[in-house]
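Enquirer: Quick one: structure below, then a few questions.
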Ligand SMILES: *Cc1c(COP(=O)(O)O)cnc(C)c1O
């Protein structure tokens with residue numbers, strides 16, 4: 001399979017190149033040149049299959065030409081070492097729980113898959129060590145660090161701004177050891193990003209090290225997210241749910257929604273999609289007006305969705321040939337303010353006993369308001385409420401229990417290397433590796 005750039009000014013890439021590069025030379029996002037339709041007999045059989053079997057079939061459609069079946073199976077099964085169950089919340093609404101992975105958020109799926117795919121390419125080509133550089137304001141660092149943890153041939157360096165990530169987030173990438181190093185930068189998140197960017201542009205470094213980024217626009221991170229949309233559908237039908245299914249995705253950079261749209265293009269029988277935004281609503285505005293106007297992001301309670309210029313918008317446009325009418329016929333939008341998030345978390349917990357996190361609350365709220373008679377809705381619960389313990393407790397007035405795997409991180413010993421925000425220090429560090 002070849003991958004083209006959404007900007008169409010770069011040469012097509014094979015899978016290996018698309019994964020190592022992340023972004024095309026023209027700064028566009030890679031798209032697979034074909035999207036394979038899955039046969040009807042597979043769609044019919046899904047409700048009787050297990051998660052791994054469903055995911056392997058979907059993975060084969062994307063990656064089957066480039067990775068031998070046995071190897072791909074191993075990558076998929078190792079990635080999905082946890083379930084993504086569908087849980088009824090009431091009123092024809094189900095929660096697709098994507099927080100059962102190591103860092104309790106959906107990004108675990110893509111990060112784990114990418115790490116294992118990269119390992120496969122390194123071993124196949126005998127390509128030596130790869131260094132992954134990732135700048136984080138909190139959540140990406142933990143998903144990437146844990147996704148790559150213990151994967152042979154890969155070293156991960158997480159750059160984070162000193163004193164500016166929450167203690168829960170910090171312990172998820174500073175206590176790991178093994179092939180993960182945390183670099184505590186005396187600066188801001190923007191400084192961390194600038195250091196990483198400079199390193200990628202530094203010819204001397206690139207001659208010495210194989211550098212790669214693992215950011216969320218990588219095809220190896222976003223395509224595998226379609227696995228759990230197929231699995232959600234299979235579970236609903238297995239539960240006897242009839243009629244039209246609507247999926248609602250709380251969105252920031254729109255990678256997760258994009259994966260769902262790819263699923264639909266492959267034949268996943270979902271009637272329509274809802275993109276739930278917080279107050280960062282440029283996509284919602286686009287759906288209303290046909291005009292896309294990026295804006296600086298504003299801070300909200302659902303902070304992983306605080307994105308003012310979602311990078312995957314380019315992929316959505318490309319997928320629909322830039323046709324606004326087609327896009328809005330398939331996807332509707334919703335805006336959920338902080339006040340509505342608070343109200344929704346409290347109300348849902350009180351009426352149904354189901355505890356939402358602030359991101360899932362956006363999805364649940366959008367479904368409650370947008371579901372039509374006869375439809376069944378499923379929203380992504382993208383993170384465990386315990387990751388936002390203080391906020392959620394203040395909304396419901398009841399303590400949130402910390403799951404065992406999160407508590408374990410918090411007991412670990414923090415190990416990080418302090419560095420200034422001066423590029424020369426960072427470069428000297430990398431040259432000594
Ligand atoms: C990253 C993230 C989102 C947003 O997902 P996108 O793919 O960027 O749209 C939503 N919720 C949580 C908890 C996240 O970590």
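Enquirer: Can you find a residue in the range 311-324 that is part of a loop (DSSP other than H, G, I, E, B), farther than 27 Å from residue 33 by Cβ and either away from the ligand (no atom under 16 Å from the Cβ) or in contact with a strand residue (DSSP E or B) (Cβ under 9 Å, 6 or more places away or on another chain) (or both)?
Expert: Checking the range 311-324: not a single residue is part of a loop (DSSP other than H, G, I, E, B), farther than 27 Å from residue 33 by Cβ and either away from the ligand (no atom under 16 Å from the Cβ) or in contact with a strand residue (DSSP E or B) (Cβ under 9 Å, 6 or more places away or on another chain) (or both).
Enquirer: With the structure loaded, tell me whether residue 328 is in contact (Cβ under 8 Å) with a residue 24 or more places away in the chain and either away from the ligand (no atom under 15 Å from the Cβ) or over 30 Å from residue 165 (Cα atoms) (or both) or whether it fails that test.
Expert: Numbers: in contact (Cβ under 8 Å) with a residue 24 or more places away in the chain: yes; either away from the ligand (no atom under 15 Å from the Cβ) or over 30 Å from residue 165 (Cα atoms) (or both): yes.
So residue 328 passes the test.
Enquirer: For the range 148-189, give me the residue count where each residue is crowded, with 21+ Cβ neighbours inside 10 Å, away from the ligand (no atom under 16 Å from the Cβ) and assigned to a loop (DSSP other than H, G, I, E, B).
Expert: Of the residues in the range 148-189, 2 are crowded, with 21+ Cβ neighbours inside 10 Å, away from the ligand (no atom under 16 Å from the Cβ) and assigned to a loop (DSSP other than H, G, I, E, B).
Enquirer: Take the range 257-290 and flag every residue that is more than 30 Å from residue 54 (Cα to Cα), outside any helix (DSSP H, G or I) and within 16 Å of the ligand (Cβ to nearest atom).
Expert: Within the range 257-290, 278, 279, 280, 281 qualify.
Enquirer: Given the residues 59, 105, which is the only one that is touching a helix residue (DSSP H, G or I) at 6+ places or on another chain (Cβ under 7 Å) and either free of Cβ contacts under 8 Å to residues at least 60 places away in the same chain or closer than 23 Å to residue 250 by Cα (or both)?
Expert: Values: 59 fails: either free of Cβ contacts under 8 Å to residues at least 60 places away in the same chain or closer than 23 Å to residue 250 by Cα (or both).
Answer to the check: 105.
Enquirer: What number of residues in the range 41-55 are more than 15 Å from residue 229 (Cβ to Cβ) and without any contact (Cβ under 8 Å) to a residue 60 or more places away in the chain?
Expert: Of the residues in that region, 6 qualify.
Enquirer: If you don't mind, another one. Out of the residues in the range 288-302 that are within 22 Å of residue 360 (Cα to Cα) and touching a residue at least 12 places away in the same chain (Cβ under 8 Å), state the one that is surrounded by the most Cβ atoms within 10 Å (Cβ to Cβ).
Expert: So, considering only residues that are within 22 Å of residue 360 (Cα to Cα) and touching a residue at least 12 places away in the same chain (Cβ under 8 Å), the one surrounded by the most Cβ atoms within 10 Å (Cβ to Cβ) is 302.
Enquirer: Of the conditions (1) at pLDDT 95 or above; (2) in a loop (DSSP other than H, G, I, E, B); (3) within 17 Å of the chain's Cα centre (by Cα), residue 217 fails just one. Which one is it?
Expert: Only one criterion is unmet by residue 217, namely (1).
Enquirer: Considering 133, 122, which residue is farther than 30 Å from residue 375 by Cα and touching a helix residue (DSSP H, G or I) at 6+ places or on another chain (Cβ under 7 Å)?
Expert: On the way: 122 fails: touching a helix residue (DSSP H, G or I) at 6+ places or on another chain (Cβ under 7 Å).
Unique residue meeting the criteria: 133.
Enquirer: Do we find a residue being in contact with a strand residue (DSSP E or B) (Cβ under 6 Å, 6 or more places away or on another chain) and either surrounded by 11 or more Cβ atoms within 10 Å (Cβ to Cβ) or at positive phi (or both) anywhere in the range 397-417?
Expert: yes
Enquirer: Might you let me know whether the range 340-360 holds any residue that is under 19 Å from residue 306 (Cβ atoms) and assigned to a loop (DSSP other than H, G, I, E, B)?
Expert: Taking every residue of the range 340-360 in turn, at least one turns out to be under 19 Å from residue 306 (Cβ atoms) and assigned to a loop (DSSP other than H, G, I, E, B).
Enquirer: Is it true that residue 232 is under 18 Å from residue 383 (Cα atoms), in contact (Cβ under 8 Å) with a residue 60 or more places away in the chain and away from the ligand (no atom under 15 Å from the Cβ)?
Expert: Details: under 18 Å from residue 383 (Cα atoms): yes; in contact (Cβ under 8 Å) with a residue 60 or more places away in the chain: yes; away from the ligand (no atom under 15 Å from the Cβ): yes.
In short, yes.
The values are calculated or read from the model by the stated rules, or taken from the named source; none is laboratory data. The model shown is predicted, which means the values in this text are computed figures rather than measured ones. All Cβ positions, even for glycine, are placed from backbone atoms using ideal geometry, and neighbour counts span all protein chains on display.
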